[in-house]
Amino acid sequence: MKFIVSSTTLFKQLQNLIGVISTSNTLPILDNFLFDISKSEMVITASDLETTVTTKIEIKSDDSGQIAVPARILLDTIKNLPETPLSFAIDAKNGTVEISTGEGKYRIAAFNAAEYPKIPVLEGAKSFGINSYILANAITKTIFAAGNDDLRPVMSGVFFQLSPDGVVFVATDAHKLVRIKRSDIKSSSMASFIVPKKPLNLLKNLLSSQDVEVNVDYTASNAFFTFGNINLICRLIDGKYPNYEAVIPKENPNKMTIERVSFLNSVRRVANFANKTTHQVRLKIAASELSISAEDIDFNNAANERLACQYTGEDIEIGFNSKFLSEMMSNLDTENVNIELSAPNRAGIILPNGDTDGNDILMLVMPVMLNS
């Protein structure tokens, strides 16, 4: 079995897939790319059982067949090659792949394709379409808020909530929460599912340079994302997502508007002087001035900065984890942000002030207890 392919084309597609392959696979066969050759076309597959990605490329061949090729050595071999035709000669009987270029020849031990896991078939799936830019943007602005706690797996992904009114994306780890609503994407029926972080990070990277329609098919256990020449299928997180609406305070009489980048940079500077365990920064708002301070008593470090703001409400002093504030400010794009507060022991709401490109974004951050 033989085929010829461009080194640049092959390398680009293998790079798209390598992120799927785990460094600690329980099945050795999953350390391989699966090549499925069908004359002028080859489908390449990478999987870790939970997530599987396939892509198609054009090749020159008169043969058909399958072979599993070790991923790391193949990628490391061709990444340093210039643009050149690669000739593959596959001996499935002896389990070898020989790659020839104008300058060299490389032989890799291959594996039986029959051992490679089969891609799940989605029976009775429902579907909806979404633009790649909108999906990548929603993933980027929510995924940082998802949790890492193995004891609460439902919080370790992004919640997709579909309805005829639109789609909602939610991520939370119980300390911070992001909710994005889109009214321009409709679903014919009510549905919801939780997508794990790994396939979402892969999706985000694959979609970053594309402006295409993504078709999303889903069942009770799997979701299938199809766009361009790429298919990504992943196992969904099983479980009931928490009632996120219940934790969003509805009455927030204290409202501040502030320049986002100035606030972000100030928080980052002051946070250098905060306790390395709590990362606590103190916000004190009065009249049209915000005071941001931090203190690390153990090392006698302290910092304080003042920023101008627009504020209506009672004077308030509240503590937040500086890392959470920084992440949220970094994932907003507007020049100004609105911060709404009700009490020092209740969650703060962060909202963009200005055009959000069709996203209705709400971010919530829980306070930390202030040291007296």
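Considering the stretch 30-56 alone, what residues qualify as being open to solvent by less than 10 Å² (accessible area, probe 1.4 Å) and either more than 24 Å from CYS234 (Cα to Cα) or not hydroxyl-bearing (Ser, Thr, Tyr) (or both)?
LEU30, ASN32, PHE33, PHE35, ILE37, MET42, ILE44, ALA46, VAL53
Among ASN331, ASN304, ASN345, which is open to solvent by 20 Å² or more (accessible area, probe 1.4 Å), of a type in the set (S, T, N, Q) and under 30 Å from the mean Cα position of the chain (by Cα)?
Numbers: ASN304 fails: under 30 Å from the mean Cα position of the chain (by Cα); ASN345 fails: under 30 Å from the mean Cα position of the chain (by Cα).
Answer to the selection: ASN331.
Would you check which residues across the stretch 270-283 are of a type in the set (Lys, Arg) and either under 12 Å from LEU370 (Cα atoms) or over 27 Å from the mean Cα position of the chain (by Cα) (or both) and list them?
Start the filter on the stretch 270-283 by keeping residues that are of a type in the set (Lys, Arg), which leaves 276, 282.
Selection gives ARG282 alone.
Give me the pairs: first residue in the stretch 112-132 and touching a residue at least 40 places away in the same chain (Cβ under 8 Å), second residue open to solvent by less than 70 Å² (accessible area, probe 1.4 Å) and among the acidic types (Asp, Glu), beta-carbon distance under 9 Å, and six or more apart or on different chains, which are they?
Close Cβ pairs (under 9 Å, with a partner that is open to solvent by less than 70 Å² (accessible area, probe 1.4 Å) and among the acidic types (Asp, Glu)) amount to ALA113/ASP36; LEU122/ASP217; ALA125/ASP217; LYS126/ASP217; SER127/ASP217; PHE128/ASP217.
Scan the stretch 10-29 for residues that are of a type outside the set (Phe, Trp, Tyr), farther than 17 Å from ASN231 by Cα and either buried (at least 19 other Cβ atoms within 10 Å of the Cβ) or modelled with pLDDT of 95 or more (or both) and jot them down. If you could, list the steps in order and put the result at the bottom.
Keep residues of the stretch 10-29 that are of a type outside the set (Phe, Trp, Tyr), which gives 10, 12-29.
If we keep only those that are farther than 17 Å from ASN231 by Cα as well, we get 22-29.
Selection gives ILE29 alone.
Residues of the stretch 134-173 being more than 14 Å from MET328 (Cα to Cα), touching a residue at least 24 places away in the same chain (Cβ under 8 Å) and among the small types (Gly, Ala, Ser), which ones?
ALA136, GLY147, SER156, GLY157, SER163
Considering VAL178, VAL154, VAL170, VAL195, which residue is modelled with pLDDT of 95 or more, outside any strand (DSSP E or B) and under 17 Å from the mean Cα position of the chain (by Cα)? Walk me through it before giving the result.
Numbers: VAL178 fails: outside any strand (DSSP E or B); VAL170 fails: outside any strand (DSSP E or B); VAL195 fails: outside any strand (DSSP E or B).
Among VAL178, VAL154, VAL170, VAL195, only VAL154 is modelled with pLDDT of 95 or more, outside any strand (DSSP E or B) and under 17 Å from the mean Cα position of the chain (by Cα).
The values are calculated or read from the model by the stated rules, or taken from the named source; none is laboratory data. Nothing here was measured: the structure is a model prediction, and the numbers come from that model. Don't worry about glycine lacking a Cβ; one is built from the backbone with ideal geometry, like all the others, and counts go over all protein chains shown. Please note that ligands, DNA and RNA were not included when accessible areas were found on the heavy atoms of the full protein model with its side chains. Shrake-Rupley method; radii C 1.70, N 1.55, O 1.52, S 1.80 Å.
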